[in-house]
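See below for the structure under consideration.
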Amino acid sequence: MQSIFGELARKEIRNLPLYVPGKPIDEVKRELGLSEIIKLASNENPWGPSPQAIVAMRDAVGEIHRYPDAGAFTLKSALGESYGLSSDHLLLGNGSEEIVQMIAKAFFRPEEEILMGKPSFPRYETVSRLMGAIPIEIPLEEGYYPLQGLLSRITEKTRAIFLCNPNNPTGTVLSEIDLRAFVAQVPPHILLIFDEAYIEFSELNFSGLAFLEERRPIIVLRTFSKAFGLAGIRLGYAIARPELTDAMNRVREPFNSNAVALAGALAAWQDKNYLQETIQKNAEERRYMSGRLLQLGARIYPTETNFIFAFFENSSISLSQKLLERGIIVRPGAVFGFPAALRITFGTHEENEKFIHALEEIMEMDSMSN
Ligand SMILES: *Cc1c(COP(=O)(O)O)cnc(C)c1O
């Protein structure tokens, strides 16, 4: 029977995919009767934030009856100072995901084409459709963001291009030479959005910021969710010329960055030593995991992030299910259209060793039963 609400939602909304998050740790514990769970599924930072951020957030709770500073003066000034830019180049979001949505609301019109790689961050597609724009998904080129494919799909209807660099879920990063050649070929009215959620982990770390002064619209997205270990506070930021942040500010909810998040992010930003330690620890785990996965016969994409995309002989669904039975959560590649791959976030060294041992065990048992 047709519900009286059936036609109420806009048709663009009715077709939007619902985000399916990874299972919460507690739910997996209950279902499997396990006491310890290792979550390597959501690219979270296993070492957590700077201890100074935790102190700052505790202090901020004492003032929680007040609205936050809607202009985020202190944090934007600190970020601006580090980048050598005035504060009006910065815009904060409730996670950089919210900024992806602000970009769509401010700049995408119905029927315009928005280009993006596939697989990449799923929100690019969702926000395009939200505005009635048309997402055009270009397959990655050997795990790399498809610069040639993107260029070949530019038409008069193209409004924007999302560049996820390093790319999630493959972990690959684009070189300065390739990016410069790419940008030079993009017509200068097209909006280029560099999503650099993982760039702190990247040794190449060539940023879209290099193009900020060109006469073309550029937005660079960064986040406190990954290298800074603050995924739970939801704070991301955009860097762009003031004409662009001005447009986005008009669609921003006034108090979109909460007071605890602002305090935690500022303290984390200022603790540069802690960030460096995290980056170093992650690089060690990256070497360990890449090496061990290769030894186990997996094919991997070279990663510059805190996760790795690895291909196996077995189905990734059964592999991830068997890992789950051993209390380890990873992301099956089937979600991204790669049925034989897993995306594995790096944990602490102890967690990574447990993962590798579990994987070894599973692969041995599988080879005996074949
Ligand atoms: C994790 C991630 C983000 C960050 O999202 P937040 O909303 O800031 O937590 C953005 N882009 C990509 C590609 C990511 O993987």
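The values are calculated or read from the model by the stated rules, or taken from the named source; none is laboratory data. Small disclaimer: the values here were computed from a predicted structure and weren't measured. Don't worry about glycine lacking a Cβ; one is built from the backbone with ideal geometry, like all the others, and counts go over all protein chains shown.
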_Within region 189-216, tally of residues that are without any contact (Cβ under 8 Å) to a residue 40 or more places away in the chain and either more than 15 Å from E176 (Cα to Cα) or in contact with an Asp or Glu (Cβ under 7 Å, 6 or more places away or on another chain) (or both)_ = 9
*Go through the residues of region 353-367 one by one and say whether even a single one is crowded, with 19+ Cβ neighbours inside 10 Å and closer than 25 Å to E200 by Cβ.*
yes
*Find the residue count for region 104-136, including only residues that are in a helix (DSSP H, G or I) and under 18 Å from R10 (Cβ atoms).*
8
*Answer from P122, P135, P166 - the residue that is within 16 Å of the ligand (Cβ to nearest atom), assigned by TED's automatic domain parsing to the domain that holds R58 and surrounded by 22 or more Cβ atoms within 10 Å (Cβ to Cβ)*: P166
*Counting only residues that are among the aliphatic types (A, V, I, L, M) and under 22 Å from the mean Cα position of the chain (by Cα), which one in region 235-250 is surrounded by the most Cβ atoms within 10 Å (Cβ to Cβ)?*
L235
*Write out, first by first residue and then by second, each pair whose Cβ atoms fall under 9 Å of each other, whose residues are 6+ apart or on separate chains, and whose first residue, in region 88-105, is on the phi > 0 side of the Ramachandran plot while the second is within 12 Å of the ligand (Cβ to nearest atom).*
G95/T223; G95/F224; G95/S225; G95/A231; G95/I233; G95/R234; G95/L235; G95/G236
*Please specify each residue of region 31-50 satisfying the condition of being assigned to a helix (DSSP H, G or I) and either loosely packed, with under 10 Cβ neighbours inside 10 Å or not assigned by TED's automatic domain parsing to the domain that holds E353 (or both).*
none
*Taking region 138-157, which residues are surrounded by 20 or more Cβ atoms within 10 Å (Cβ to Cβ) and either over 22 Å from the mean Cα position of the chain (by Cα) or more than 25 Å from R286 (Cβ to Cβ) (or both)?*
I138, L150
*Run I193 past the list (1) in contact with a Pro (Cβ under 8 Å, 6 or more places away or on another chain); (2) part of a strand (DSSP E or B) and report the number of the one that doesn't hold.*
(1)
*Checking D178 against (1) in a loop (DSSP other than H, G, I, E, B); (2) on the phi < 0 side of the Ramachandran plot, which test does it fail?*
(1)
*Residue ID - nearest to the ligand (Cβ to nearest atom), chosen from residues in region 196-215 that are in a loop (DSSP other than H, G, I, E, B) and in contact with a strand residue (DSSP E or B) (Cβ under 7 Å, 6 or more places away or on another chain)*: A197
